[in-house]
Amino acid sequence: MRSLYRYLWLTRALEERLEIIFKQGHVIGGLYRSLGQEATAVGCGYALADGDWIAPSIRDLGGLLARGLDPRDVLRQYTARGTSLCAGKDNTNHFTVPELGILGPISPLGTQLCVLNGVALSFRSRREPNVCLTFQGDGASRTGTSHEGLAMAAALNLPIVVVLEHNRWAFGTPSTAVAAVKDWADVAGAYGVPAVTVDGNDVLQVYDAATQAIARARAGDGMTILVAETYRMLGHAQHDAQRYVPDHELAEWKDHDPVQSFSDYLIEFGFESDSTLDQIRGEVALELDAAADEVLSEGYPAAEEARTRVYGDPSLDAEVPWSRGAVPGYEGLTSGKRGRPAAGLEGA
């Protein structure tokens, strides 16, 4: 329980630190926080075993930290340092770390399950007892590729757990506008698989349900859909003021904050003391102070590295499709100048 609390607090504190450096101009690109959803990701990530794979969405940082991801790597990603996992070529959690069983997300929503199906199928073909777990928001679960992925995982009885994060909002669109179901567990009936609904803001309830779903998949009984009833307490990203959310709705869910609720539970039932939790928070603060100082002292990637680690050929002189080169028949033209094509190409 102490470890679960530490991951919850680390997720919250790391994202708060990211927001600070975002406002200071250090973050390259957007910043997507998981405020209010930390328990779902942490509980699921903590339930996985060595050799299992996790495929996060943009609000599942806690699951990656629970799998062993270093907070410095998160800071490097967002600040596009040359030392980052993507060498400054992408940010957020768009990275894959095979040794930690992390499969990076794909920007088009709903597509990740299709990729993870391949990972799960490889486990099956190699007779490896490993399990895959992925997350989808309520909006992502309404896409065509999500349906394809769910149908394939169910039909092939793949060892997968799909966590449907019902956080009420897909950017500014309420979940009631994208599906007719009241109980989101009902979607599982279309695929012939079981679904379990949990309080996504209760980390123990999430951990317990995820543990059972993972065990079921590991035993060869196939996919489970885990519906986590939760709430996105901030806008889609830092640029979103969330003005479309009713004030009373936000206030209601703030009273159900997953980090504060778990802290209250640990103290009320005597699992931890105020001083122990305060010590954990202090240790995390010192860890993040050191991590931020280290990362912000590191440099951006050199310009000449832009073509490295993109294609299989690591050579800087490799022929790559997006390189600017002469177009056949237009070799004599220079950038910004207009002219006639070479003989024989008129009207082409």
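In the stretch 1-118, how does Rg compare with the Kirkwood Rh, expressed as the Rg/Rh ratio over alpha carbon atoms?
Answer for the stretch 1-118: 0.94.
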Please list, in chain and number order, the residues 5+ apart from L133 or on another chain whose amide H is under 5 Å from its amide H, with Hs placed from the backbone. W53, I54, A55, V161
As a test, work out the antiparallel percent of DSSP beta bridges whose residues both lie in the stretch 146-286, rounded to the nearest 5. 15 percent
Which order results if S263, S125 are arranged by neighbouring Cβ count within 10 Å, fewest first? S125, S263
What relative contact order, as a whole-number percentage, does the chain give when Cα pairs under 8 Å and 6 or more residues apart are counted? 20 percent
What ranking do T197, T92 get, fewest neighbouring Cβ atoms within 10 angstrom at the top? T197, T92
What percent of all Cα-Cα pairs in the chain falls in each 20 Å bin, counting up from 0? 28, 52, 17, 3, 0
Using distinct alpha-carbon pairs, which all enter the 1/r mean, Kirkwood radius of the stretch 232-295 in Å: 14.6 Å
What is the antiparallel percent of DSSP beta bridges lying wholly in the chain, to the nearest 5? 10 percent
Whole angstrom only: what separates the Cα centroid of the stretch 1-56 from the Cα centroid of the stretch 159-233? 19 Å
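All of the numbers you see were taken from the coordinates with simple rules; none came from a lab. The structure displayed is predicted, hence computed values, not measured ones. Cβ atoms come from the backbone with ideal geometry, glycine included; neighbour counts cover every protein chain shown.
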